[in-house]
Amino acid sequence: MLIAGEASGDLLAAELVTALRGKLPSTFHHPPSSPVFFGAGGPKMSAAGVVLAFDLTQHSVIGITDVLKNILKFRRLFNQLLALAIERKPDVIIGVDYGGFNLRFGQAVKRYVRDNPFSQWDPKIVQFVSPQVWASRPGRADKLARDYDLLLSIFPFEKEWYAKRVPSLRVEFVGHPMMGRFTNDDLRLTRGAASDASIVNRQSQILLLPGSRKGELQRHLPVMLAALKAIQERLPATRAKMVLPNPALMALAKSLGANLEIQIGELPWALAESDVALASTGTVTMECAFFGVPTVTLYKTSWLTYQIAKRIVTVKSLTMPNLLAGEPVYPEFIQNEATPENLSRAALELLQDGAHRQQIKAQLAKIITTLGEPGAAGRAAAAILSLFP
């Protein structure tokens, strides 16, 4: 059973399923020729052969305000999946990212097992992509250690962090999955094509990456569009493109006034030809880093979520390349600092300061070397199957 609630997790789960199919031994309950995968996720999981109870990626939200607005819906979905797990009794339950939901789900399954000792069902519980317990609420690590059999990490520092905090929890660093995705020769040739030391005298390309959730788009896009207008007033030849994960978000973007080229998916190609990106903090910033794209990051959320977050978040940055580098490689603007003036000023500096661009690219290249070799999904599958001697 697999559960993924966001577009990035949907892709990661689909890759994992493909890897598991290739490695699945004959020790499971089902014939090795016909492994059974089910759960909740998105279209990529479905295409990989996972039988979905529903598309959980359509309900993705972030922040306490959005969660509270949808709490009854999420409780219903949660209970539906828990009932499905109890009915189907899978050998292993794999949560893929989506930590807030998946950690509670794993705990609920283990609670059921403890309360029903005669059911003879005790599935292995796995989390693929660590929740950011090292950034806030580190006590969640103790709950992971209590209920989880395996945590699969995609960032190199996490294994040591858990070893110090909860040494009883098995943590395996499998590498970052994007290291195995972007290997096409054309992409490698295109990567860095926009890396001229100075691009003031030619037409530059800016990429807008406002996020993959409705709420993120609603909060980020107006600020990004205003920043883009200011940039184009200074550099009229600047072109712009936006990448979104699905047509529904494209329709929303147009309703918010986006009058520019909008591309659905195919982010690598867009990054490979971009000079600068304006991006929400999160998964996409690592893809910006992989392609060596100088990026200005931002995040805006509800007032309540921000008030809670600033009291519990302990890391100095929400942008993962900055955390991995231990310094502010990407300019970052959070909440009230995420203004069109700040974004445009930072982006113009990245476009016009050739030495700064080259420094950022060198820092990004160093970060990428720490993320492991291609094959994260295969290593994750092998670690999961090792739970079944």
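The values are calculated or read from the model by the stated rules, or taken from the named source; none is laboratory data. Note that the structure is a prediction, hence the values are computed from the model and not measured. Backbone-built Cβ (ideal geometry, glycine too); neighbour counts: all protein chains shown.
Scoring TRP134 on the criteria (1) in a loop (DSSP other than H, G, I, E, B); (2) modelled with pLDDT of 90 or more leaves a single failure, condition (2). Given the condition buried (at least 22 other Cβ atoms within 10 Å of the Cβ) and of a type outside the set (Ser, Thr, Tyr), answer yes or no: does some residue in the range 367-377 qualify? Yes, there is a match, as at least one residue in the range 367-377 is buried (at least 22 other Cβ atoms within 10 Å of the Cβ) and of a type outside the set (Ser, Thr, Tyr).
Table: residues versus (1) within 20 Å of the chain's Cα centre (by Cα); (2) at negative phi; (3) among the basic types (Lys, Arg).
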{"residue": "LYS110", "(1), (2), (3)": "no, yes, yes"}
{"residue": "PRO117", "(1), (2), (3)": "no, yes, no"}
{"residue": "ASP122", "(1), (2), (3)": "no, yes, no"}
{"residue": "VAL133", "(1), (2), (3)": "yes, yes, no"}
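Does THR57 meet the test of being assigned to a helix (DSSP H, G or I), assigned by TED's automatic domain parsing to the domain that holds ALA13, at pLDDT below 95 and under 30 Å from LEU24 (Cα atoms)? Yes; evaluated as a whole, the condition is true for this residue. Going by the conditions given, is VAL296 more than 15 Å from the chain's Cα centre (by Cα), crowded, with 23+ Cβ neighbours inside 10 Å and not assigned by TED's automatic domain parsing to the domain that holds GLY9? Against the criterion (more than 15 Å from the chain's Cα centre (by Cα), crowded, with 23+ Cβ neighbours inside 10 Å and not assigned by TED's automatic domain parsing to the domain that holds GLY9), VAL296 qualifies. Here VAL17 fulfils each of the conditions (1) under 19 Å from ARG379 (Cα atoms); (2) modelled with pLDDT under 95 apart from (2).
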